[in-house]
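S.K.: So that we are looking at the same thing, I have put the structure below in structure tokens.
The values are calculated or read from the model by the stated rules, or taken from the named source; none is laboratory data. Since we're looking at a predicted model, the values are computed, not measured. Glycine gets a Cβ as well: all are built from the backbone with ideal geometry, and neighbour counts include every protein chain shown. The protein model used for the area step is the full one, side chains on, heavy atoms only, and it has no ligands, DNA or RNA in it. Shrake-Rupley method; radii C 1.70, N 1.55, O 1.52, S 1.80 Å.
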Amino acid sequence: MLKRLSLLTLAFTFFSAGAAPQKKPAEQNDRIVLEQILTQTYQPSQVGKQLMGIGGETDIRRAGTIVVIQRPGLFGSLLHTEPASSAIDGVQYKLFRGHQDYEVPAGERYYVTAIAVGSDTVLVALISARGISTQAGTGRMWTTLSFKFPASVLAAADKETVFREFDQWFMPEGHATSSAFSAPPAAPAITASPAATPVAAAAPQPIAATRPAAPRDSTLAPGMTREQILQVMGTPERDIHFDPREWMIYPGFVAVLKDNKLESFETSGAGGAKVAVQSDPAGAEIYLDENLVGSTPSILVVAPGKHAFRLHAAGRADWSRQVNVLTGSDITLTATLDKN
């Protein structure tokens, strides 16, 4: 699992190489908000071995969102250390790393395993929801997509633009109108794909699909004041303050404010707990149960139970904690990352 996440980090770094070296704090915070929104929308699954090494690398430890591929052009790899990684720019695509063990058809179902937002790219890691037979072997397929965006889109946390790009390639299961999503491809065995890397080219139009509107958060936007939220949402069931942040809790919905302005909104469901994770220095990668879930500072909604948190930053020693999360609790984790 660690090797797979390291490879995702390398791919993410590769496609962010053209970014300006200096990042304005406000823009960085907006990208953090965008990453939180995407993570809440496409809730990553936990994949890999259980504690004590029990299980396999492709075991689904905790299922999250399943997405359905909308257009051909992607590939899958049987090796988690070398996922089939494609660069996506609109409907243009190009495989730049990994094995072409499986040519992914429209309608194939995948679990989302990780999402990361950089200066001009959004990285999405996927694993197939079923084992697939190919000439190279049988197993789940690892696929990674690196979406290219104008830096201004991500700096402004323009989630609607990101959603539109994602929708051209994958959609959450059950949100499509096409009957092609009712079942995976019927063929039990798929031959290995050609060795040549596909050249960036326009792909066929995606299967028709629609994104359902969020039940109550569609009129909210980052930056709104508390008074504006009250006008839209009404009085919350519960209001929690932990300066400088505030959580306005509604049924199945939480608005997160910082300095009296909306920072993010979450629809992850009831029963979870708020975990604020911060570090010195900021910008460290956050791993929850060995799944990359964001970077510091971030506020996570975590299911009750025992969880392992790990923070990682280049040139610094990792920081780890085991936390027993109780329903409805508010937890703050503050880490000082020492130099190696």
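S.K.: Just wondering, is there one or more residues in segment 155-163 that are surrounded by fewer than 19 Cβ atoms within 10 Å (Cβ to Cβ) and within 30 Å of E82 (Cβ to Cβ)? Outline the logic, then answer.
M.R.: Step one: filter segment 155-163 for residues surrounded by fewer than 19 Cβ atoms within 10 Å (Cβ to Cβ), giving 156, 158-161, 163.
This time we only want the ones that are within 30 Å of E82 (Cβ to Cβ), so: 163.
The answer is yes, given that some residue of segment 155-163 is surrounded by fewer than 19 Cβ atoms within 10 Å (Cβ to Cβ) and within 30 Å of E82 (Cβ to Cβ).
S.K.: Here is a list of conditions, (1) of a type in the set (G, A, S); (2) farther than 15 Å from W169 by Cα; (3) outside any strand (DSSP E or B), and A106 meets all of them except one; can you say which number that is?
M.R.: For A106, the failing item is (2).
S.K.: Please verify whether segment 195-218 includes one or more residues that are within 25 Å of the chain's Cα centre (by Cα) and at pLDDT 85 or above. I'd like the intermediate steps shown before the answer.
M.R.: Looking only at segment 195-218, we keep the residues that are within 25 Å of the chain's Cα centre (by Cα), and these are 200, 203, 205-218.
Filter again for at pLDDT 85 or above, leaving none.
Scanning segment 195-218, I find no residue that is within 25 Å of the chain's Cα centre (by Cα) and at pLDDT 85 or above, so the answer is no.
S.K.: Could you please give the count of residues in segment 318-340 that are surrounded by 12 or more Cβ atoms within 10 Å (Cβ to Cβ) and in a loop (DSSP other than H, G, I, E, B)?
M.R.: Final tally of qualifying residues: 4.
S.K.: Kindly provide the set of residues from segment 112-152 that are part of a helix (DSSP H, G or I) and open to solvent by less than 20 Å² (accessible area, probe 1.4 Å), ordered by number. Steps first, please.
M.R.: Quick first cut of segment 112-152, residues part of a helix (DSSP H, G or I) only: 151-152.
Within segment 112-152, no residue meets the criteria.
Listed here are the residues, each with its yes/no results for (1) touching a helix residue (DSSP H, G or I) at 6+ places or on another chain (Cβ under 8 Å); (2) modelled with pLDDT of 90 or more.
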| position | (1), (2) |
| --- | --- |
| G56 | no, no |
| R62 | no, no |
| S86 | no, yes |
| D101 | no, yes |
| Y110 | no, yes |
| T113 | no, yes |
| T121 | yes, yes |
| L126 | no, yes |
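S.K.: Could you tell me how many of the residues in segment 297-317 are open to solvent by less than 30 Å² (accessible area, probe 1.4 Å) and at pLDDT below 90?
M.R.: Adding up the residues that qualify gives 6.
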